[in-house]
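Input: one structure, supplied below.
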Amino acid sequence: MPDEPSSVTSPAVTVSRRGSDRLRQGHVWVYRSDILSADGVAPGAAVGVADERGKFLGTALYSSASQIAIRMLSRATVGDLEGLLRQRIHDAIAYRERVVQDSDAYRVIFSEADFLPGLIVDRYNDMLALQILTQAMDAEPTRQIVLSELAGRLQPEAMIERVEPKIRELEQLPPRSSGLLQGEKASTLFSMNGVKFHYSSAEGQKTGAFLDQRENYAAAAQYAHGEALDVFCYHGGFALHLARSCSKVTGVDSSRPALEVGERNATLNGREIEWIEANAFDLLRDYASAGQQFDTIVLDPPAFARSRRNLDTALRGYKELNLRALKMLRPGGVLVTCSCSYHVSVADFIAVVAEAGRDVHRNLRILENRAQAKDHPILLSVPETAYLKCLIVDVTN
Ligand code: SAH
């Protein structure tokens with residue numbers, strides 16, 4: 001975390017030894033169980049943090065409700081919170097100018113990884129979609145600073161907020177509905193890697209698309225060939241990219257509205273893609289037993305492990321999917337297999353895919369071991385910022 005010019009505020013939150021050790025190691029969260037005192041601290045306040053001996057550790061944003069009680073903002077005292085927020089938004093935008101290519105859709109601000117904990121901002125061409133995840137970021141003055149800085153720097157036609165009711169509940173924030181924060185526009189078109197997509201601010205998952213896969217789409221398209229199956233295809237992110245090099249592409253998802261957007265996207269790009277509404281587990285089982293074969297298969301399921309507790313169940317789910325897909329690949333085939341569960345490590349995931357390969361007697365060679373796109377930076381001191389795994393594997397007999 002960058003140091004900031006200091007001014008003096010007296011510490012208002014004291015953290016335990018475990019909490020201060022965690023901060024000294026570079027993490028930015030302290031859990032409620034490691035807070036020794038936070039007397040009189042207002043929900044969402046910026047506070048000074050001290051260890052149990054009273055040594056100053058930095059400035060954090062406080063939540064009175066979340067299990068994550070504080071998220072560090074700076075190792076120094078922060079005299080000018082507004083100036084700090086504006087500078088960090090500026091820096092986040094400048095970082096994207098360096099790392100994003102061939103796309104007018106990308107994550108502009110990724111919470112802790114941009115030193116703006118609790119704030120997510122995605123750009124879809126001329127629209128911005130915001131997610132506000134903490135009491136501090138939800139405070140009206142903070143919202144106004146964020147909106148004015150984003151508007152000034154990026155001049156979007158519209159800014160919308162996507163509300164996750166469950167997060168507001170956890171933060172004990174009053175209910176709020178998703179919708180426009182500024183401007184009138186409700187939909188637009190965006191493009192990445194030369195592929196065009198429809199964006200509608202009122203529909204879809206996350207802030208509308210899975211921007212974290214942007215670089216993986218391009219990588220997968222490099223190896224894809226023949227007949228391709230995109231499982232858990234959503235709006236067709238992989239499918240549309242594969243259509244450039246494959247003779248036939250089929251997309252599978254259980255969500256009809258998602259497939260309808262996929263079909264509109266195919267039309268927009270002049271592609272023909274077959275869309276199947278089905279439970280992926282059932283469909284893969286039926287296809288595998290019917291002896292159906294493909295040259296390229298993409299697996300991009302939703303997060304199976306939402307917490308460490310269901311890690312084993314999640315790993316079984318990944319194993320099952322990969323096993324079925326591997327059975328159906330022709331020799332020389334390509335498997336693109338993803339996991340967006342933070343709790344499943346890269347090593348766990350590789351082990352599961354390797355096991356599936358062993359069980360079906362296929363040789364697997366890793367073409368690429370990938371993660372999330374660079375506009376979703378991984379901050380090494382905050383392991384939670386690394387969550388997406390994407391293996392591209394060459395499959396032979
Ligand atoms: N590959 C997509 C993102 C996939 S997100 C992209 O790059 O944009 C996960 C998708 O899985 C969602 O679209 C969701 O509707 C779908 N899904 C969830 N459970 C499913 C199931 N059991 N069978 C098929 N699709 C499922």
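Taken together, the values in this text are just the output of simple stated rules run on the coordinates, not laboratory data. These numbers were taken from a predicted model, which means no experiment stands behind them. Every residue, glycine among them, receives a Cβ derived from its backbone with ideal geometry; neighbour counts consider all protein chains shown.
If I fit a long axis through the Cα atoms of helix 311-328 and take the longest principal axis of the Cα atoms of the chain, what angle between them do I get, 0 to 90°, rounded to 10?
It works out to around 30 degrees.
Next question. If R₀ is 35 angstrom, what is the calculated FRET efficiency for the pair Ala186 and Gln292, using the beta carbon separation as r and rounding to 0.05? Kindly include the intermediate steps, with their values, before the conclusion.
Values: r = 40 Å, r/R0 = 1.14.
Computed FRET efficiency for Ala186 and Gln292: 0.30.
Now for a separate question. Counting GluC sites (Glu not before Pro) as exposed when in a DSSP loop with at most 12 other beta carbons within 10 Å, what is the longest stretch of the chain free of them? Walk me through the intermediate numbers first.
Values: sites that count: Glu184, Glu272.
Of all site-free stretches, the longest is 1-183.
In addition: Find how many whole Å separate the alpha carbon centroid of the range 83-103 from the alpha carbon centroid of the range 112-190.
Here the two parts' Cα centres lie 16 Å apart.
Count the DSSP beta bridges whose two residues both fall in the range 159-249, then state the antiparallel fraction as a percent rounded to the nearest 5. Don't skip to the end; give the middle numbers.
Working: 9 of 12 bridges.
Approximately 75 percent, going by the DSSP bridge assignments.
Put +1 on the Cβ of each Lys and Arg and -1 on the Cβ of each Asp and Glu in the range 264-353; which of Ala288, Phe349, Val298 then has its Cα farthest toward the positive end of the dipole?
Phe349
Continuing with the same structure: Between Val346 and Glu140, what is the FRET efficiency for a Förster distance of 45 Å, r being their Cβ-Cβ separation, to the nearest 0.05?
Numbers: r = 41 Å, r/R0 = 0.90.
Calculated transfer efficiency: 0.65.
Please name whichever of Gln205, Thr142, Leu180 sits farthest to the positive end of the charge dipole of the range 97-224, dipole taken about the Cα centre and charges placed at Cβ: Lys and Arg +1, Asp and Glu -1.
Highest projection toward the positive end goes to Gln205.
Further question: For the chain, what's the relative contact order in percent, using C-alpha pairs closer than 8 Å and at least 6 residues apart?
Values: 862 pairs, mean separation 45.5, N = 397.
Relative contact order, the chain: 11 percent.
Another question, then. Taking the simple approach of a point 7 Å from Cα along Cα-to-Cβ for both Glu164 and His361, what is their distance in nm?
In this crude spin-label approximation the distance works out to 4.5 nm.
Further, regarding this structure: Using helices alone, I'd like the mean residue ellipticity at 222 nm for the chain: each DSSP H run of four-plus residues gives -39500 (n - 2.57), total over residue count, nearest 500.
Helix-only estimate at 222 nm: -9500 deg cm²/dmol.
Can I ask one more? Please order Leu181, Leu173 by the number of other Cβ within 10 Å, starting at the fewest. If you can, show how the numbers build up before the last one.
Details: Leu181 16, Leu173 21.
Ascending number of Cβ neighbours within 10 Å: Leu181, Leu173.
Let me ask something additional. Tilt of helix 256-268 relative to the longest C-alpha principal axis of the chain, in degrees (0 to 90, nearest 10)?
70 degrees
Count the lysine pairs in the chain whose Cα atoms sit under 23 Å apart, keeping only pairs 8 or more residues apart in sequence or on different chains.
Lysine pairs, 8 or more places apart or on different chains, close enough: 13.
Of the DSSP beta bridges with both residues in the range 279-397, give the percent that are antiparallel, rounding to the nearest 5. Could you put the intermediate results ahead of the total?
Values: 14 of 19 bridges.
Roughly 75 percent of the beta bridges in the range 279-397 run antiparallel, per DSSP.
Under a point spin-label approximation (7 Å from Cα along Cα-to-Cβ), what is the Leu36-Gln67 distance to one decimal in nm?
According to this spin-label approximation, the distance is 2.4 nm.
Determine the sum of side-chain charges near Thr207: Lys and Arg each +1, Asp and Glu each -1, restricted to other residues whose C-beta is under 12 angstrom from that of Thr207.
Here the charged neighbours net out to -1.
Okay, next question. Of all beta bridges DSSP finds with both residues in the range 87-159, what is the antiparallel percent, to the nearest 5?
Roughly 85 percent of the DSSP beta bridges within the range 87-159 come out antiparallel.
Quote to one decimal, in nm, the extra length available between Ala303 and His225 on full extension: 0.36 nm per residue of separation minus the C-alpha distance between them. Let's see the in-between values first.
Details: separation 78, 0.36 × 78 = 28.08 nm, distance 2.70 nm.
Computed gain between Ala303 and His225 is 25.4 nm.
If you don't mind, another one. How high is the relative contact order of the range 266-334, in percent, counting Cα pairs under 8 Å that sit 6 or more residues apart? Mind dumping the intermediate values first?
Working: 43 pairs, mean separation 29.4, N = 69.
That works out to 43 percent.
Assign unit charges at the C-beta atoms only (+1 for Lys and Arg, -1 for Asp and Glu), then state the dipole size of the range 1-145 relative to its Cα centre in Debye, rounded to the nearest 20. Don't skip to the answer; put the middle values down first.
On the way: 16 positive and 19 negative charges, 103 e Å.
That gives the range 1-145 a dipole magnitude of about 500 debye.
If we count every other residue with Cβ under 9 angstrom of Val334's Cβ, Lys/Arg +1 and Asp/Glu -1, where does the sum land? Mind dumping the intermediate values first?
Values: positive: none; negative: Asp295, Asp394.
Net charge around Val334: -2.
Identify the residues of the range 243-258 with backbone N under 16 Å of a label point that sits 7 angstrom from the Cα of Glu272 along the Cα-to-Cβ direction, or state none.
243-251
Roughly how tilted is helix 81-99, in degrees to the nearest 10 and between 0 and 90, from the longest Cα axis of the chain?
For 81-99 against the chain, the angle is about 30 degrees.
Using 0.36 nm per residue of separation minus the Cα-Cα distance, give me the extension gain between Ser148 and Gln172 in nm, one decimal.
Working: separation 24, 0.36 × 24 = 8.64 nm, distance 2.57 nm.
Computed gain between Ser148 and Gln172 is 6.1 nm.
Still on this structure, please answer the following. For the range 141-294, give the magnitude of the charge dipole about the Cα centre (Cβ charges: +1 Lys/Arg, -1 Asp/Glu; no others), in debye to the nearest 20.
On the way: 16 positive and 20 negative charges, 77 e Å.
Rounded to the nearest 20 debye, it is 360 debye.
Mean separation of Cα pairs under 8 Å and 6+ residues apart, divided by the residue count of the range 279-397: what relative contact order is that in percent? Don't jump to the answer; show the numbers that get you there.
Values: 205 pairs, mean separation 35.2, N = 119.
About 30 percent, as a whole number.
Also, quick follow-up: So if each residue of separation counts as 0.36 nm, and I subtract the Cα-Cα distance between Glu97 and Ser381, what length gain in nm does that give? Mind dumping the intermediate values first?
On the way: separation 284, 0.36 × 284 = 102.24 nm, distance 2.34 nm.
Here the answer is 99.9 nm.
Something else: Using +1 on the beta carbon of Lys and Arg, -1 on that of Asp and Glu, and nothing else charged, what's the dipole of the chain about the Cα centre, debye to 20? Present the calculation step by step, with values, prior to reporting the outcome.
Working: 45 positive and 50 negative charges, 169 e Å.
Dipole size: approximately 820 debye.
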